[in-house]
Amino acid sequence: MSEETVNESTAEKDEARHAMKMAKKKTARDKIMATKTDEKGLVIVHTGKGKGKSTAGFGMIFRHIAHGMPSAVVQFIKGAMHTGERDLIEKHFGDLCQFHTLGEGFTWETQDRARDVAMAEKAWEKAKELIRDERNSMVLLDEINIALRYDYLDVAEVIRFLKEEKPPMTHVVLTGRNAKEDLIEFADLVTEMELIKHPFRSGIKGQKGVEF
């Protein structure tokens, strides 16, 4: 038997083994998926020190927009800066996504706790209004975890509202580092962004199209 024939035979065997392995995986996966029949509005938390928490939240908002599903955004902290997401949504998708910027910047910029608390409470009132509106399939509460971290809002009240007043099929996304443990325990889906490397540590400022 020639070397070429041996190689072809080995390749065929490898391909057959791979096909069999994938077929078994598909069968197992299909069995698992057959048991997943429930649907519900999820409470989703994006937290951690790594980049991408708000980005992931806006990714789901744009996915809703792409499906023609009404949604809403409340920004708790980043009101002092323009972002590409806000500009795009307000300019092109205002009919599908309400956008409310109610923060005035990060707490170390304002240095006024009473004002920060008042703005956080105002943002939370707007958030509750949008969540109660069953027309909104998803509501993104951008950087609310920072407001909760500094106790500008009561996490117990936020959880109580989501548990008792959120419509059954409405998704709510809460972003920001240092999510409270009670919120993590309550949520249906929690992702922690892990920081491995960031250009800020090398003296590089936030870049348009990357950070904002």
field: Under the Karplus curve 6.51 cos²θ - 1.76 cosθ + 1.60, θ = phi - 60°, whole-Hz ³J(HN,Hα) for the stretch 39-51, x wherever Gly or Pro sits
entry: 10, 7, x, 8, 9, 10, 10, 10, 9, x, 7, x, 6
- prompt: Put a dot 7 Å past each Cα toward the Cβ at residue 154 and residue 91; how far apart are the dots in nm?
  reply: 4.3
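How about the stretch 140-171: which GluC sites (Glu not before Pro) there are in a DSSP loop, with at most 13 other Cβ atoms within 10 Å of their Cβ? Could you put the intermediate results ahead of the total?
On the way: sites: 143, 157, 164, 165; in loops: 143, 165.
Of the GluC sites (Glu not before Pro), the ones in loops of the stretch 140-171 whose Cβ has at most 13 other Cβ atoms within 10 Å are 165.
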- prompt: What's the extension gain from residue 114 to residue 161 if we count 0.36 nm per residue and subtract their Cα-Cα distance?
  reply: 14.6 nm
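Would you mind classifying the stretch 60-199 by shape? Square roots of the alpha carbon gyration tensor eigenvalues, ordered a ≥ b ≥ c; an a/c under 1.5 is rounded, otherwise it is prolate if a/b is larger than b/c and oblate if not. Display every interim value, and only then the final one.
On the way: a/c = 1.34, a/b = 1.15, b/c = 1.17.
Rounded, because the longest to shortest axis ratio a/c is under 1.5.
Throughout, read-outs are computed from the coordinates displayed, never taken from laboratory work. Predicted model, so just to flag it, every value in this text is computed and none were measured. No Cβ is skipped: glycine too gets one built from the backbone with ideal geometry, and neighbour counts run over all protein chains shown.
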